[in-house]
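Rule-based calculations on the coordinates, nothing more; no lab input. Just so we're clear, the structure is a prediction, and the values are computed from it rather than from any experiment. No Cβ is skipped: glycine too gets one built from the backbone with ideal geometry, and neighbour counts run over all protein chains shown.
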Amino acid sequence: MDNRRLFIAALLSLAVLLGWQALFPPPEPPEAGAPPVAAAAPATATPAAESPEPVMPEPAAVAAEAPPPLEALAAESEQEEVVETATLVATFSNRGAELRSLRLKPQPQGLVEGIELVQGRDDGPYPFGYATAAGAPSPLAEALFVVARESSPEGEPRLVFRYRGPEGEAEKRFRFRNDGLIAVEAEARGVADGWSLLLGPGLRQLSREQLESRFSRRAGAWSAGGEIGTLAPASASAAKELPGVGLTWVGLEDSYFLAAVMPATPLRAAILEPVLLGPGAVEGRWRAVPAPAKPGDDQKGWPRDLRLRLVPEGSSLALVSFWGGKEYDRLTALPYGLEKSVRWGMFGFLARPLLWGLHWLHDHAVGNWGWAIVLMTIVLKIVLLPLTLTGYSSMQKMQRLNPKIQAIRERYRPKLRDKQGRMNPEAQRQMNEEVMALYKAEGVNPAGGCLPMLLQIPVFFAFYSVLSTSVELWHAPWIGWIHDLSAKDPLYVLPIVMGVTQFVQQKMTPAAADPMQRRMFQLFPVIFLIFSLQFPSGLVLYWLVNNLLTIAQQAIQNAVKTPAAPEPAKRGGRS
C-alpha cells in the first residue's frame, strides 16, 4: 500500500515536472553569430544570485554613444569653371565659390564689344564671396569647394559648390536662366561668427582716371517701396544699412551698366560699405581695403568705391542676379522694376521717344548710331520748323521796331536817374509800359525772338540723357576718328567746327532789339565751344548738324525775304 502510494506520488511528481517543462520551457540558446538579446525584465526584481543568465547592458547606455563625425568634403586644389550662355561668359573659382569674371558678349543691336563687369583685383573676396555677418574676412572665403555641373529640366546650366570642413558646412548653387539672369542659392551651417555674401567692390575694370571722373556716375542703387535711392562713393562716409523688408532690388551701377540682386528669401539687411582701392601687386589691378574715417598718409589719393554685403535672415539665402547693360526695353521686360535705374532726368518724357526713334533709324535705315543721330536731327528740324519760322518772324518784327524802341529809351534816359545817380523806379516803370504798349500795338511778342533757341534746349538735354545713359550708344563708332559717340571727341574737331557754325548762325540771325538778348546771343558761340570740348561727341554731332540746317534755313529765308511792311500811321499821344 505504501509502495503504491509512493508510486502514485512519484508518478504525480513526474507528471507535474513534465507539465511544468511543457508549460514553461527554458529559453533556447542564441544562434551562432547572432547578437544576444536581453530578456524582458520581470514585474518584480529578482536577486542577481538567482539569475543564471549574464546581465546585458541597458538600451539607454547604447543610445548615449556619440554619432560618428561627418566626412570632410573639400577639393584638393583650386580650379576654375567657365559657363557660357547666349549673353555672357562667367568664370568661377572653387576657392570660396566666387565669381572671378563675367564678360558680356557683343549683341547685334546693343553692345558693339564685350565688356568685363567684374573689377580685376589681386585679392579677394570676389562677387558672391563669403564674409562674416559683421563683414570681416570669413575662413569660408579660402575653402576649396567641390564643384559639380548639372542641368535644369529647361536645359539651363547649373554649377553646384559644396564644402564641409572645420570652418563649417556650405553650399552654393548657380543657375543660368534662359532670360539672362542668374539664380543664386547659398547655405551655410556651423560657421563661426555667421556669414554674409558680397558683391563688388565696384563694377567694371576702370582706370584711376575713370574712377575719379565726375562723369563716371558710379553708385550703389536700390529700390524699396517704389522709391529709388542712390549712394555715391564720394559721399559715403560710413556704411549705409538697408532693411531687407520691402527691398525690391539693390546693386552697384555706373552710367551704362548694372549689377543688381533681387532677394527671393528674407534678408536681414543689405549694407553698402565704402572701400579704398589701393594699387595691387599686378599692374592694372586693385586691392580693396575698408575706408577709414580718416585715411592714412599711405592711403591719400586712393580712389573710393563701394561694396555690397547681403546678410541672410537664417542659414540660407536665395536671390536672382542681373548683370548687364542698362538696355531700357530689356529692363522693362523684367518684373523687378530695374528700368528705374535708367535715370533720364527732367526731360525723360523726350528722351524715351528719342531713343526709340534712334533705335528705329539704326535698325531699319542706316545701321550706324552716328548716322542715326544725323537723320534724327533732320527729322526734329522738320517737326519744329513751324515754330522756328514763327520765332524768326518775331525777331524780324522786333528788328523793324528797334528804332522806335530806341527812341523811347532815349527820351526816358535823362529821367531814369536823379542828380545823385540813383535809379528812378517810376521813370523805369513808365518807359517799360510804353515799350510794352508798342509791342501790343504792333502785334509783336518780345520773347518770340528767343523761341528758336528755347525750343532746342529740351531736345539738347534729352539727347544728352540718351547718350549718357543708353548702353546702345556706349563705344558706338561713327566715322574716322570718332570711335565712341558717348565720349568726347579725342581730336576736338567736332567742337571746333560746331563753334564756327554757331558763330556763323549768330551773324545770320536778325539782331535782337533788347540789348540784354543781343549780348546773350553774342556769347553763345563762345559758351557752347567751351562746354562742347567735354561733351559726348554724339551730342556735339547733333548740335553741329542742327547748326548747319539752321544756316541753310536762314540763307533761304534771307534770299526770299519779303519787303518790310510800311510803318503804321502815327497815333495820338506820346511819340
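In percent, what relative contact order does the range 282-407 have, based on Cα pairs under 8 Å that are 6 or more apart in sequence?
Numbers: 28 pairs, mean separation 10.8, N = 126.
The normalised contact order for the range 282-407 reaches 9 percent.
Provide the FRET efficiency to the nearest 0.05 for the residue 238-residue 103 pair, computing r from the beta carbons and using R0 = 35 Å. If you can, show how the numbers build up before the last one.
Working: r = 33 Å, r/R0 = 0.95.
For residue 238 and residue 103, the calculated efficiency is 0.55.
Sort 382-389, 253-260 for me by packing, meaning the mean count of neighbouring Cβ atoms within 10 Å per residue, highest on top. Please list the in-between numbers first.
Working: 382-389: 12.9, 253-260: 21.9.
By packing density, highest mean first, the sequence is 253-260, 382-389.
Order these by the 10 Å Cβ neighbour count, fewest first: 393, 93. Don't skip to the end; give the middle numbers.
Numbers: 393 17, 93 21.
Arranged by neighbour count, lowest to highest, 393, 93 become 393, 93.
Apply the Karplus curve 6.51 cos²θ - 1.76 cosθ + 1.60, θ = phi - 60°, to the phi angles in the range 367-380 and return the couplings in whole Hz, x for Gly and Pro.
x, 9, 5, x, 5, 5, 5, 4, 5, 5, 4, 5, 4, 5
For each of 463, 174, count neighbouring Cβ atoms within 10 Å of the residue's Cβ, then give the residues from fewest to most. List each step's numbers first, then the result.
Values: 463 29, 174 22.
Going from least to most buried by this count: 174, 463.
What nm distance separates the two modelled labels at residue 492 and residue 399, each placed 7 Å from Cα along Cα→Cβ?
Once both label points are built, they end up 3.3 nm from each other.
Label point 7 Å out from residue 336 along Cα-to-Cβ: which residues of the range 258-272 have amide N under 12 Å?
Zone members listed by number: 258-265.
Contour minus end-to-end for residue 387 and residue 313, with contour as 0.36 nm per residue of separation and end-to-end as the Cα-Cα distance? Walk me through the intermediate numbers first.
Values: separation 74, 0.36 × 74 = 26.64 nm, distance 5.98 nm.
Difference between extended and current length: 20.7 nm.
Compare the peptides 537-543, 302-308, 431-437 by average per-residue count of other Cβ atoms within 10 angstrom and give them in order, highest first. Numbers along the way, then the final one.
Working: 537-543: 26.3, 302-308: 22.6, 431-437: 14.4.
For the peptides 537-543, 302-308, 431-437, the packing ranking is 537-543, 302-308, 431-437.
Residue 289 to residue 415: FRET efficiency via 1/(1 + (r/R0)^6), r the Cβ-Cβ distance, R0 45 Å, to the nearest 0.05?
Working: r = 71 Å, r/R0 = 1.58.
FRET efficiency, residue 289 to residue 415: 0.05.
With θ taken as phi - 60° and the coefficients 6.51, -1.76 and 1.60, list the Karplus ³J(HN,Hα) couplings across the range 240-247 in order, rounded to whole Hz; mark glycine and proline as x.
So the J values, rounded to whole Hz, are 10, 9, 9, x, x, 5, x, 7.
Let me spell out the model: positive unit charges on the Cβ of Lys and Arg, negative unit charges on the Cβ of Asp and Glu, origin at the Cα centre of the range 351-486. What dipole size does that give, in debye rounded to 20? Show your work: numbers first, answer last.
Values: 14 positive and 9 negative charges, 207 e Å.
Here the size comes out at about 1000 debye.
Suppose R0 equals 25 Å; then what is the FRET efficiency for residue 379 and residue 526 from their Cβ-Cβ distance, rounded to the nearest 0.05? Before the final figure, lay out each step's value.
Details: r = 29 Å, r/R0 = 1.17.
My answer for the efficiency is 0.30.
Using amide H atoms built in the peptide plane, which far-off residues or other-chain residues are under 5 Å from residue 100 H to H?
91, 92, 93
Amide H of residue 138 versus every other amide H placed in the peptide plane: which residues, excluding those fewer than 5 positions away on the same chain, fall under 5 Å?
132
Can you list residues from other chains, or at least 5 along the same chain, whose modelled amide H is less than 5 Å from the amide H of residue 195?
Under 5 Å from the amide H of residue 195: 133.
With θ set to phi - 60° and the Karplus curve 6.51 cos²θ - 1.76 cosθ + 1.60, what are the ³J(HN,Hα) couplings of the range 151-163 in order, to the nearest whole Hz, using x for Gly and Pro?
For the range 151-163, the Karplus curve yields 9, 6, x, 7, x, 7, x, 9, 10, 10, 10, 10, 8 Hz.
Taking other Cβ within 10 Å of each residue's Cβ, how do 556, 551, 182 sort, fewest first?
Details: 556 10, 551 17, 182 21.
Fewest-to-most Cβ neighbours within 10 Å comes out as 556, 551, 182.
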